[in-house]
Structures are given as structure tokens and as C-alpha cells.
């Protein structure tokens, strides 16, 4: 995973919750005092651990939500805020449709074409909520599709 993503996540957390929250988040993710440089590459799994720990700190997350609820609301509750609060931030656009109580269809689009991050984050959210999710890609921008179609359902 590109270090720029880690750097932007840190900026967001520090801006919203303060530097101490970032330190706690790193500690909870088992990455205490890790330094992320924008021009380096880091393990995708580390981002999943940080985001999973960050879920607990986000003030707009309803404590009654399940994993699918969080994923369904990500565009509205998180990406919208990121675009407003962080100049130049360009999180992907997600169009999520609940196709059944236990299944979502997420349309991911971004000029960066990092659908693998979306897939990994969805799996990480499932792990964080202790709800195994089956995540599969039905179409991919990296294979010619105009957007990535990602099916996410309770396993």
C-alpha cells in the first residue's frame, strides 16, 4: 500500500481527533510509533488494522450498526466529510445498494483504480465487527469496466 494513503489517514485522524488519538489508534492496531512516509510502500494489512482500530474513534458511526451498515454508509458519513475537511483529498466514490438484509453491491470508482483497497477494507470491517464477510469482485476498472462492482455479503 502506498504511504500516501497512510499519511492522509493520519492527517485526517489528527485533524478530527488530535495527535493522541492517532497514537492510541496505532497502539490498538499493534503499530505503535510506526512512521509512514508518503513515498514508501507498506503492507496492505497494516492499513486494514489501522482502519479497523479507527472505526472505534469515528464520532459519526452509530454503535448499533453492523459491518454491512458501516460499509453502506461510508460514502455519506466518511468520504463526504473527508472531501469537506481535507483540501485536495480524493477518496473514491462509492455507490452502495443494499440488495438484501445480508448483502450489498458496491460500485467503486476512482481515477487511482485501487479497488483492491476497497475489497481489503470491506474484509477488515467484517473482521473488526467479528462478522465474516464474503467479498467478491464482479467487474473491475483494471480489466476495462467503467467501475468496480463488488459484492459484499454476510458469510
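Please treat every number below as a calculation from the coordinates, not as lab data. None of the values given here were measured: they were computed from a predicted structure. Note: ideal-geometry Cβ built from the backbone for every residue, glycine included; neighbour counts use all protein chains shown.
Using a/c under 1.5 as the rounded threshold, could you call the stretch 1-59 rounded, prolate or oblate? The axes a ≥ b ≥ c are square roots of the C-alpha gyration tensor eigenvalues, and prolate needs a/b larger than b/c, oblate otherwise. Prolate, because a/c is 1.5 or more and a/b exceeds b/c. For 140, 115, the sequence from fewest to most other C-beta atoms within 10 Å is 140, 115. Based on C-alpha pairs under 8 angstrom that are at least 6 apart in sequence, the chain has a relative contact order of 18 percent. Please say if the stretch 67-155 is rounded, prolate or oblate, where rounded means a/c under 1.5 for a ≥ b ≥ c the square roots of the C-alpha gyration tensor eigenvalues, and otherwise the choice is prolate for a/b larger than b/c and oblate otherwise? Taking the square roots of the gyration eigenvalues as a ≥ b ≥ c, the stretch 67-155 is oblate.
Treating the angle as unsigned and between 0 and 90°, give the value, to the nearest 10°, between the Cα long axis of helix 3-17 and the longest Cα principal axis of the chain. Helix 3-17 sits roughly 70 degrees off the main axis of the chain. What is the Cα centroid distance between the stretch 81-146 and the stretch 1-48, reported in whole angstrom? Value for the Cα centre distance between the two parts: 19 Å. For the stretch 1-46, the relative contact order works out to 56 percent when only alpha carbon pairs closer than 8 Å and six or more residues apart are counted.
Between helix 115-128 and the chain there is an angle of about 80 degrees, using the helix long axis and the longest principal axis of the Cα atoms.
Computed over the chain, the percent of Cα pairs more than 21 Å apart is 44. Against the chain, whose longest principal axis comes from its Cα atoms, helix 44-54 is set at around 80 degrees.
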